[in-house]
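Working notes, beginning with the structure itself.
All of the numbers you see were taken from the coordinates with simple rules; none came from a lab. These numbers come from a predicted model, not from an experiment. Backbone-built Cβ (ideal geometry, glycine too); neighbour counts: all protein chains shown.
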Amino acid sequence: MSGTVQLPLPAWDFQILVAVLDEARHGYAIVQWIRDQTGTPDALGTSTLYAALKRLSRQGLIAEAPRPAGETSADERRRYYRATAEGRAVARAEARRIHQLHGLAEHARLLSGPARLAKGRS
Amino acid sequence: MTAPRPSRAARLHAWLLRRVLPSLEAADATDAALTFDRLRREAWRTSISAWLRFWFTEWRSLVGTWRAERSRPGADAGSRRAGGIGRGRAAWRDAFAHVTSDLRAGLRQFIHAPLVSAVSVLSLAVGLAVVVLVFTVVQAVLWRPLPLPGADRLVRLDYGDRTVVWSYADFRDVVARMPALASAAAVSTGPVAVTMPGGTPRRMLAEWSSDGLFAFANLPMTRGRGFAPDDPDDVVVISERLWTREFGGREAAIGSRVDVQGRPRTIVGVAPAALTSLESPVRPDVWLPIGNEARAERGMRSFHVVGRLAPGATLAQTRAQAGAAAAGLFEADPDLHRARDGRAIPVRVHEEREGRLPAADRASVVAGVAAAFGLAALILILAASNVASLLLGRASEREGEVAVRLALGAGRARIARQLLTESVVIAAAAGLAAVLVTRVALLVLVGVLSGTTPGAPALDVDATAAVFAAAIAFGSVAFFGLAPALQGARTDVMSPLRRQGGTVAPPRLRLRRAIVSAQVTGAALLIVAALVFLQSERHARAIDVGFDPDGVAVVSVDLEQGHYADGDIRAFLDTATRMLEADRDTAAVAWAGSVPLSGSSSAAGGLRVEGYQPSPGEMVSAGTNVVSAGYFRLLRIPILRGREFTTEDRAGAPPVVVINDAFRRRYWPDADPIGRTIGDATVVGVAGDIRAESLADADRPFMWTPMGQSLPHRLVAHVRTDADEAATGGRLARAIGAIDSSLIVDGQAMRDVTGAAFVAQRIVTMVFGVAGFAAIGMAMMGVYGVLAYLVSLRTREFGIRVALGAAPATLLRQTMAEGLRLTVPGAVAGLAAGTAMAFAVRSMLVGVAPIDPVALAAGLALIGAAAALAALVPARRAARTDPIVSLRQQ
């Protein structure tokens, strides 16, 4: 089912992939996890999330997973997702790419604070 | 496992998402709806801004997904077809482009005149919100069927003429004799103190219910089970809200112990979320089985009864069986089941919704509902007329623009559509603002209601109400937008262009004048009503209520009968009295069962008054209170004859009673009441009149019984103090709470408690006042708009008159007079209507006649001043007309 996956991944796909890397999660839990990890409130809407989940499943990067044993109280209509082996590989590749970009940015002093920038100019 | 169905919003969102993303399966859509709902609820709980941000994010996300899908090269072939864009695609695109450009033009107009637009939108939003709120409340109380499956087969059973008259044993016997009922439930709600494991006691709403309640409700339990007939009476079912809040929705909640009124109980189930109280539209926090004592006691009549018709059974059959059952009760114990006319008390069966109100109250409730709807409609009409007036004004200003565009070859339909779109933009903005206003108002309302009573009112914005209000918004604005639109389309090219030099008032002005008149009428009506209520409140505050609440702190304690036996209550009273008397700020202490004018008074009926022969059908009744020794002295209620209670009036001593003067006047007008009897109690004293239930009861008979001889289950300590009453009350309440940590103890200033009598008046005054001032503001804008327009039309005429030697003062006077002509008829009509309305609600007024000269004069002065102010600016402009400039303009 999976074709070739092009890097960079579309917006949010990377975050969603990482959210289900080690643990099966349902939609709401994915939003919550991303929000907790990145500290950006409400940026990921439901439509974007489900479009991305559909896309990632089609590409074979994630697959529906059985409900985790611990979660008894959750609704049985919920669908859980988990990254496939291929998904993990793609996530790793994307992370590597981002890391390289990050190195580039460091090199260009893009991420330095304004104080250091000012010093650089003087 | 059952779970709630996704909300309407979530289902709509899921539906839209499936249109946008056709590859999404139904199961995915359900999942998405659940996620959507979780996020929505979470945002709603966080803050208003989080909630707004949620909707913004979701909207952006949906549109973004739609754009991305549309532009995706490998999009599934199906999506295009599903999108409905095929053969007629170009035509649709075209129409869409037109609408978009109209909308943009509308928005531009909107931003072009921000103040005018903001006023229209806000006033319309408030009007809509008021309608939706009134609708929501009325719907919840009167119209909405109980949220149970098969609600149309439910009936209410009344015993006699009133709804709350069932004892549990009577209910059992009657239902057993009525095979036409498939099932039935008896319930009674009331406040209780609940302590969660490791928490402090909190006041919550309990519904005591017969064991069949949950089977009767026919809704699946969220967790666990309902009550069983052989349950011990220390079980409890909790609400889903409590379960989520206190137990985080964990399974372990079932089987846990919570403390209700100082008594541990085991949680056996979590009630379905949809289940509200069968008694009134509130959501109880806990359900309790009916205790053994209450099961046996036929005299304790405190239950509401709702039944479900058996398949095939008719209301007529049920009524026939109810008649037989009532006769059965009478035969078994005639004394307990005899009506005033000597026959058996009848069992009445009503359709559930119809039976919610006792027949006696129905007329007044219907009148109240009609008044509320009338007021809401009036506010909405005023708001809509304001928008209309503004749109008409704008249309007049733009007549020239429209004519020019027509002359340049624009289609008339196109121009009409554009004008209409502008009104729709206003309506849509007002609708959105109204949703927000309603949400906030409902939050405040629920907050106020929950502050006075425990349990959450079951008030949800009703979808029907929202759709209804949206329809009114679009309808009224489109209607008012249509008039200028039609006129715009009809405009012949030449006359407005030619009229630039003319003096003829265009016909549109007639409509505007009518609208302004209507606004003045509405404003005058509301202002007069507000002033009458203000007067009434002033009078009410000056009334001598017969006791002196100043300098008194009250501390109230709820003691459950089951937990505290009589002896325990006495011990508790002694301990608490000693603690209170020892306090440094206490000057005197007395106890009572209730506080006068606090909204919780009690009364006794069917009194046997010595030597008084009631006329047939007359109910000999009086307000009652149970008070301790020293009560009258503490509240400075004068003793006119005889004595007040002493510590000698205790159990075992001859029963005694103190009456007020109104009691004496009514039942023993010519005789000395001291030594006479009421039932088996002897009158030992006559006290001054007090107003206990409402400010209006000046002549109500009242009687006091000594606390030494009968104990209430609610105790209120009255403490006279020189310190701050509220602070002292709070401190003493904490001290008394320390005696038994399972009790809820409240301390307040007595002034604050008796102030409850003013709350209803205060709210009515405020609603009328705010609406009245908003209406005056709108009317002023209307008067100003019309006059300014008239003056601008007549600039040339004024110029000529000034050139011929007319005094500027004459022009000023004439324009002002024009303003008055516009105002006076409306004002007079409004004052008359306001007086008529005050007449209709005169039972709420204290010390004011419905025709109140002060209120009328003040109303007239206020409206007159507002109109003069609005007319002043255009009048000055007219007076300052410079003949040279005005003539050169042409």
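Need one word for the range B:137-269: rounded, prolate or oblate. Basis is the Cα gyration tensor (sqrt eigenvalues a ≥ b ≥ c); a/c below 1.5 gives rounded, then a/b vs b/c decides.
Prolate shape, in that a/c is at least 1.5 and a/b is the bigger ratio.
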* To do: Could you work out how far the C-alpha centroid of the range B:510-529 sits from that of the range B:216-256, in angstrom?
  => 56
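At a 10 Å Cβ-Cβ cut-off, how would you order B:536, B:615, fewest neighbours first?
On the way: B:536 24, B:615 5.
Listing B:536, B:615 from fewest to most nearby Cβ atoms yields B:615, B:536.
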* For residue B:347, residues with placed amide H under 5 Å, excluding near neighbours -> B:160, B:326
* Total charge dipole magnitude, the range B:133-191, about the Cα centre, Cβ charges on Lys, Arg, Asp, Glu only, Debye to nearest 20 -> 120
* To do: Treat the count of other C-beta atoms within 10 Å as a stand-in for reagent exposure and order B:816, B:579, B:766, B:619 from fewest to most.
  => B:619, B:766, B:579, B:816
* With point charges of +1 on the Cβ of Lys and Arg and -1 on the Cβ of Asp and Glu, referenced to the Cα centre of the range B:142-275, which listed residue (B:213, B:143, B:179) lies farthest in the positive direction of the dipole? -> B:143
* Structure fact -> Magnitude of the Cβ-charge dipole (Lys and Arg +1, Asp and Glu -1) of the range B:762-825 about the Cα centre, nearest 20 debye, reported as 60
* Asked: If you put +1 on each Lys and Arg Cβ and -1 on each Asp and Glu Cβ, how big is the dipole of the range B:540-592 around its Cα centre, in Debye rounded to 20?
  -> 80
* To do: Return the Rg/Rh value of the range B:122-170, two decimal places, where both radii are evaluated on C-alpha atoms and Rh is the Kirkwood radius.
  => 1.23
* Structure fact -> At the level of C-alpha centres, the distance separating the range B:47-71 and the range B:169-188, in angstrom, is 53
* Sketch the reach of a paramagnetic label on residue B:153 as a point 7 Å from Cα along Cα-to-Cβ, and name the residues of the range B:292-327 whose backbone nitrogen lies under 20 Å away. => B:305-322
* Structure fact -> The alpha-carbon pair-distance distribution computed for the range B:222-370, with 10 angstrom bins and whole-percent values, is 9, 26, 30, 24, 11, 1
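Counting other beta carbons within 10 Å of each Cβ, put B:821, B:172 in order, fewest first. Present the calculation step by step, with values, prior to reporting the outcome.
Working: B:821 10, B:172 15.
Least crowded to most crowded, the residues run B:821, B:172.
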